[in-house]
1. Looking only at region 294-310, count every residue that is open to solvent by less than 40 Å² (accessible area, probe 1.4 Å) and among the β-branched types (Val, Ile, Thr) and tell me the total.
2. Here are GLU240, GLU291: which of them is of a type in the set (Asp, Glu), assigned to a loop (DSSP other than H, G, I, E, B) and either at pLDDT below 90 or open to solvent by less than 60 Å² (accessible area, probe 1.4 Å) (or both)?
3. Mind counting the residues in region 378-393 that are open to solvent by less than 70 Å² (accessible area, probe 1.4 Å), within 25 Å of LEU781 (Cβ to Cβ) and under 15 Å from the mean Cα position of the chain (by Cα)?
4. Can you find even one residue in region 186-203 that is open to solvent by 50 Å² or more (accessible area, probe 1.4 Å), more than 23 Å from HIS256 (Cβ to Cβ) and modelled with pLDDT of 85 or more?
5. Consider ASN439 against the criteria (1) within 30 Å of PHE326 (Cα to Cα); (2) open to solvent by 60 Å² or more (accessible area, probe 1.4 Å): it satisfies all of them except one. Which criterion is unmet?
6. Which residues, taken from region 482-504, are outside any loop (DSSP other than H, G, I, E, B), over 12 Å from GLN694 (Cβ atoms) and touching a residue at least 24 places away in the same chain (Cβ under 8 Å)?
7. Of all residues in region 442-481, which are loosely packed, with under 14 Cβ neighbours inside 10 Å, in contact (Cβ under 8 Å) with a residue 40 or more places away in the chain and of a type in the set (Asp, Glu)?
8. Considering (1) open to solvent by 10 Å² or more (accessible area, probe 1.4 Å); (2) closer than 20 Å to GLN156 by Cβ; (3) touching a residue at least 60 places away in the same chain (Cβ under 8 Å), say which one GLN277 fails and leave the rest.
Amino acid sequence: MSNRDRDRFRSYESGCKKREKKQIKQDFLKTQQGSFLKFLSKENDKLDSQSDVILATKISTISQVNSEAENLELEREKSPELSPICLKSPKALKKDSELPQTIIISNFKESNSVEFQEILSCKLISNESKIILTNTAMNDSNMYDDPANWPISISQDLRTNIVKLGPKRIINFNFPSRVIISSSSAKEVNRRFSTNFYYRKLPNGEIVDRNWLVYSISKDYVFCFCCKLFGLSVYGSLSEIGTNDWSHLGTKLIEHERSLTHFRCTEKWFDLKIRIQKMTTIDKTNLEIIEKEKTHCRNILKRIIAAIHYLAKHNEAFRGTSDVIFTKNNGKFLGPIEMIGKFDPVMGEHLNKIKNHDTHVHYLGHDIQENLIKLMAVAKKTKIIHLIKSAKYFTIIMDTTLDISRQEQLSIVIRIVNMEFENEMCDPQINEFFMDFINIESTTGFCLANVLIEQLQHYDIDLQNCRGQAYDNGRNMIGQYKGVQSRILNQNPRAFFTPCAAHNLNLLIKDAANSSTIALLFFGTVERIYSIFSSSTQRWDIFKKNCNLLTVKKWAETRWESRLESVKSIRFQFKQLTDALKELFNTTTDGMFKSESQSLLKSISCYEFILSTVIWYDILLKINIVTKLEANILAKSAEVPQIFKLSRLRKKARMFNYESEDNSAADGETIFRTTFFIIIIDQALSSLNLRFNQFKIYNEKFGFLFHIGKLKEMEDDELMKNCKDLHIYLMDGEHKDIDGNELYHELQIFKSLMEINTTALQSLPILKKLNGSFPNITVALRIMLTIPITSASAER
């Protein structure tokens, strides 16, 4: 078969055909080369051609240095006794008259790969090809700060943005060190960059700031800011790859700042900087449009944030059934935005654009709302944490509660004395800041203490500055060994625990009520009265017809002050209440409620119940001494005989003849007095001493500072004793908050400046104006006022 016959059955082109097509394509590409250059100015053409020359020079120089380094390494391996050999930098290779830059062979390859990685990664297509670097990677401002990350070809927009930001000076940084071998002593020495290079000291002692010198953290090199932006100098200078020759950096900087190229670049830098400030750049019109749009967006966001802040502050729902503007039921957020648009031209213009579909960036979506709320919360919390740190001393207030989804939540509140040092016009004040709601799985003291410590670490707040804890009186909180307060005290003995005073009063009354059977029966009867009338609308109408002043209330188990309203309704409407029960007994057809009403009527129609009503009402209202006068008046109005019910006396069996007989009370009044009144008073006094013992300690330690103006009436010996006791109380090992002797001498002077009725809080503005003249008094008062009385703010 001939070649022609063979080609007839080919299913693909021959090699010759492919070569012809390839040649035609290459010829076409050659004719198109440089076509894009006609759209560029001559100045840009020169810049590109110069960049090509520089790039070619850099690559050739790199290859020369690499080959020389390899040869020297081979010679050193053959002759290890030879001293370390230094190479001249590419700058020195080009011009021997310039100061040489030593490069250590052992570190050359590593530094070389870092310095020229960007250059070597560029692919040269032909001699006329251009290196195209996009600026998409330069969007981050951190990359603007590091000159090592700038591209080789810097566009005008990028140059303008960098000049706007200005050079970033690295100061508080641990600069890495390099081991080099000194040419004079042939010893290894450590060299690193120093912040002293940022300045130049003149012979007359003046300091000149080198604001053009910038340090690159990523490459451990220094650059000239203006020459890097505007200069086209040779390889090895401060404008291109920078330098890390720390041994000769001082000399190099002086040579560089005296060069003509540096003068011209500095002039261009300041000229562009001034034109940017005066808005006289080439893109002035575009910048004005951009600034106008930015101002418009800022004004829109200010109004949106104001609406979000108002709804969040008042705990209102944002969204409705619709999320679209100008529709029905679109919620409490979009509704006010529409109302603002009727009177505000900025918001009105924005809403018109949305309505006419001229813009899709409206900032009114629910995702934007949630993001703005989170940003506002972060900003507010950051400010609060700053205030807590500036105040130093703080108190922790914490409580747990169940939310509507039956999830246990922990609320944390921090209390401080804000001295307002940053604002001299404001007086010091006590602030309590809500910090967080935290979902917890366990309410044990161990778990709650760990959560609290982790949150303080998250806030970066030192637990050792805590001077108080305030919790409710739950065992997981106040436990002496496993409670939260004991675990915190183990880490900080000066975090004094304060039981909630509001809870103490509730628990005191609860202890008193649980101590007597008569008291328990009384509150059980009150609950039965509420239940029988509230369980039916017909029975509730009977109650309202007879008792038109007050209604019976249901009381809470944990909040005993809520029982006041229940007792108050019976206390002032006892006659009307008995009439209502009688009517209910006569009119109801339900046997169970007829029996219940008769039982209740019999229970309350006794003098013991009436006297218990008067006693508990006065205890709950005033916690004061009670008398039988009001009970007698109430009994007469209800036609109840003023006698005590006398129960059958229980006799104890005598097993032996020498046992004495029981001396039981003979009358009902004595029995009521011993089984009810004395018991609840005794239990109340016992609970009072137990639950308010911590406040007694506070009074002993801080009592002389409560009314600081009355120190004029205190003896010097007593004042000295109080100061020493407070010094010991606020001391933990070698750490102390005040000095007792200095506090005594400061109070001796300060008490003459105070009026006799001046309180501790009123004296803080005076101490603030005296600008630290009495530091021990200020610290003692701040700690004292930081300690709270109640933890109710965490419940709210």
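The values are calculated or read from the model by the stated rules, or taken from the named source; none is laboratory data. If you're wondering where the values come from, they're calculated on a predicted model, not measured in any experiment. For neighbour counting, all protein chains shown are included, and Cβ atoms are generated from backbone atoms with ideal geometry for every residue, glycine included. SASA here: full protein model, heavy atoms, side chains in, ligands and nucleic acids out. Shrake-Rupley method; radii C 1.70, N 1.55, O 1.52, S 1.80 Å.
1. Kept after step one, since they are open to solvent by less than 40 Å² (accessible area, probe 1.4 Å), are these residues of region 294-310: 296-297, 300, 304, 307-308.
Those left that are additionally among the β-branched types (Val, Ile, Thr): 300, 304, 308.
Result for region 294-310: 3.
2. Working: GLU291 fails: assigned to a loop (DSSP other than H, G, I, E, B).
It is GLU240.
3. Keep residues of region 378-393 that are open to solvent by less than 70 Å² (accessible area, probe 1.4 Å), which gives 379, 381, 384-385, 387-388, 390-391, 393.
Restricting the remaining residues to those that are within 25 Å of LEU781 (Cβ to Cβ) gives 384-385, 387-388, 390-391, 393.
The next check asks that each one be under 15 Å from the mean Cα position of the chain (by Cα); those that pass are 384-385, 387-388, 390.
So the answer is 5.
4. Within region 186-203, one or more residues are open to solvent by 50 Å² or more (accessible area, probe 1.4 Å), more than 23 Å from HIS256 (Cβ to Cβ) and modelled with pLDDT of 85 or more.
5. Here ASN439 meets the rest and fails (1).
6. So the first thing to find is which residues in region 482-504 are outside any loop (DSSP other than H, G, I, E, B), and the list is 484-491, 497-499, 501-504.
Among the residues that remain, those that are also over 12 Å from GLN694 (Cβ atoms) are: 484, 486-491, 502-503.
VAL484, SER486, ARG487, ILE488, GLN491, ALA502, HIS503, listed by residue number.
7. ASP460
8. The single condition GLN277 does not satisfy is (3).
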